Structures are given as C-alpha cells and as structure tokens.
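Written out below as structure tokens is the structure these notes cover.
The values are calculated or read from the model by the stated rules, or taken from the named source; none is laboratory data. Being a predicted model, the structure only gives us computed values, none of them experimental. Every residue, glycine among them, receives a Cβ derived from its backbone with ideal geometry; neighbour counts consider all protein chains shown. For the accessible areas, the whole protein counts, side chains as well, though only heavy atoms, and no ligand, DNA or RNA atoms are used. Shrake-Rupley method; radii C 1.70, N 1.55, O 1.52, S 1.80 Å.
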Amino acid sequence: MNVLQYFRSSLWLAGFAALAVASAPAQAQAPAGGAHPLRLIVGFPPGGALDTLARALAEQLRTGGEEQVIVDNRPGAATRISIEYVKRAAPDGRTVLLSSNAPLVIFPMTYRQLAYDVDRDFVPVAHLAEVPTVISAGADRPYKTLPEYVSWVRANPSQGSVGLTNLGGTLHFAVIGMAKTVGVPLTPVAYKGGAPLVTDLVGGHVPLSADALASQMELHRGGKVRILAVSGMRRNASLPDVPTAHEAGIDAFDHANASYSAFVPAGTPAPVVQRLERAFVAAMQQPQVRSAMTRAGLEATGLPGAAVKRMLSEERDFWRPLVQASGFRSDE
C-alpha cells in the first residue's frame, strides 16, 4: 500500500467514526428546537477532522431531540470566512461556530487587519475536543528519537526544513521555539494539506514534520512514518510508548495541540447559551462519541464555556512572546 492509500485510509477511518456515532443510541439532551435548523459552521471542507467531529455532534444532537441540525461547511481565508459569517449571524443560538484555537489565539497577533474580535464578538459555548499533534520523520531516516534528530540537525544545519500544513499557526511557532532551543535555524515549509506532506516525508524530501496525529497514525502503524514525539504535557493514549517533546527537552510544543470549541455570536441570550452548553457537553461525553473520536485521532473533552475562555487566555499568554519574537506578520 502506497502513501496516498495510507492517507486515504486515515480519512476513511475518520468518516467511519462519524458513521459509528450515527448508529449509537443518544443520551445527551439537545437544546430546545426552533423554527430554524441548528447550523454548525465549519471553516474547512468536508472530510477533515473538524468536519468529522461536527457531523458526529450533529447526529448526536438530532437523536437527542433536536429535529434539524445542519453542518454548514464554509472554507476559505484560513477559516476567517466561517468566523466572520457567524459574527454576523442573528444571536438566537441557531448558528454555532466550530473552530480550532489558532484563528482565535494566533491570528489576532499576526494579521495586520482582522474583521473580528474574539472577546467582543463571540460567546464560548463548550470545549469539544483536543487534536493531538506529533513530530514525525520518515521511517528510514537515521534518527529514531527526537534527541537523535536534534544531534543530527546540529551536524547538518543546512537540512533544517520542517514540513507543516500551514504557516502562522501554533505548530509554526512551536518549530520556531524548537529552533531556538536546539540552536539551529529550522525552516517551516508549508504544504497544501497532509497528503503531499506525508508523501515528501516518506520519500525523504523533508527531514521532519509536525502535523495532526490523525494524518500520521496509519502511516506510523504501517511502518512508513516514525512518530518521534507527541505535543502537550502528557503522552497520548494511542501512543503510550512515544514520549512528549517536553520529555525530550523541547518545551515549545507544550501548547501545540489544536483544540476545537463551539461559539455563538455575542448578544445570544444567556439561557440559550446555557441550553447549548448542556447539550454540547453531554454529547461529547457520551461513551460512543468519545470512542468514535479516538478512532478519528481526536480526544473528546466536553467542557463548559468557562473552560474555553480560560484556555484561550492561557494560550495567548504562552504564544504571545514566541509570536512577537518571531516578527511574523500575515498580509493575507
């Protein structure tokens, strides 16, 4: 099986996870229905990790009592189209943004002009899932661990490119922080998606990559890719033998896991926000949902909106010095 087949199998697994949730009995109580469908706005095309989560959540809410739940994919402009759409939506609790943390934490620090203010324009509803990220290399590379890679790149500083799926996100700045720690100028290289990234990784055209676990897991299991470390402060349950980057002495990836949360427009009445919060938290805590998310490479959480607000504040405090020191700005 070639690399693209492995990558397609991981996307199939994510879709299977959503189908598994659809067939499971629901126990979560959905928010009170209304004349208009509940619309979950996703800033990515169908088929990705956040889309898989949205469809699983939508099915759970439908079977829990919400008559109409629609996943509305509005990709473009690094998810800013979806964010701005929800900002302009009626604050009636029927339009909900599902977003990763980077557009809400990093973008305000890097974009010269931004059409939204996270604290002013949105109310957090619930924290839905963590998205583990990993540092990987092709299986035939001479380094088998992150410390071995550090030794190798110090001896070969001209080969310090690191593949990413975008610039300006948390992994971009984690790589910059890692470069500072190891004393070698590592160069983030952006790819247009996980498939071309892993193709170059397996082919030896890029020495290292940092990407979502969901994009790398099947290749790791198949022996095509070697995951050297996981981000965050604890080991991943799916990779108990793989250390964290922190354990290897690299603390720049301590906050590099992506995070998916739900938001509604500012001005949404508090009782409506509370109903949504209860429904979303309960849905993500269902055993069948948690199991399906694990199979899709995600870690279901199901935490209240107050936890989202606290996490966003902590993330800003962590990333601000790294972003400012990098001098990176986006004119997109």
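Some points to look at:
- Inter-residue pairs, beta-carbon under 7 Å, first within 15 Å of residue 85 (Cβ to Cβ) and in region 255-266, second at pLDDT 90 or above and in a loop (DSSP other than H, G, I, E, B), 6+ apart: 264/91; 264/93; 265/89; 265/91; 266/91
- Residue among 88, 112 that alone is more than 26 Å from residue 231 (Cβ to Cβ) and modelled with pLDDT under 90: 112
- Residue in region 182-225 that is nearest to the chain's Cα centre (by Cα), counting only those that are open to solvent by 40 Å² or more (accessible area, probe 1.4 Å) and at positive phi: 223
- Picking from residues in region 63-81 that are open to solvent by less than 60 Å² (accessible area, probe 1.4 Å) and out of contact with any Phe, Trp or Tyr (no Cβ under 8 Å at 6 or more places or on another chain), the one that is farthest from residue 37 (Cα to Cα) is 77.
- Subset of region 280-294 (residues that are part of a helix (DSSP H, G or I) and surrounded by 19 or more Cβ atoms within 10 Å (Cβ to Cβ)): 280, 281, 282, 283, 284, 289, 292, 293
- Selection count where residues are in a loop (DSSP other than H, G, I, E, B) and open to solvent by 10 Å² or more (accessible area, probe 1.4 Å), scope region 35-62: 8
- With respect to the conditions (1) part of a loop (DSSP other than H, G, I, E, B); (2) farther than 19 Å from residue 136 by Cβ, residue 241 lacks only one, and its number is (2).
- Any pair with Cβ under 6 angstrom, 6 or more apart, that starts in region 168-184 at a residue that is farther than 19 Å from residue 330 by Cα and ends at one that is open to solvent by less than 10 Å² (accessible area, probe 1.4 Å) and not in a loop (DSSP other than H, G, I, E, B): 178/252; 184/153
- The combined condition, being open to solvent by 10 Å² or more (accessible area, probe 1.4 Å), farther than 17 Å from residue 126 by Cβ and either among the aliphatic types (A, V, I, L, M) or assigned to a loop (DSSP other than H, G, I, E, B) (or both), is fulfilled by residue 325.
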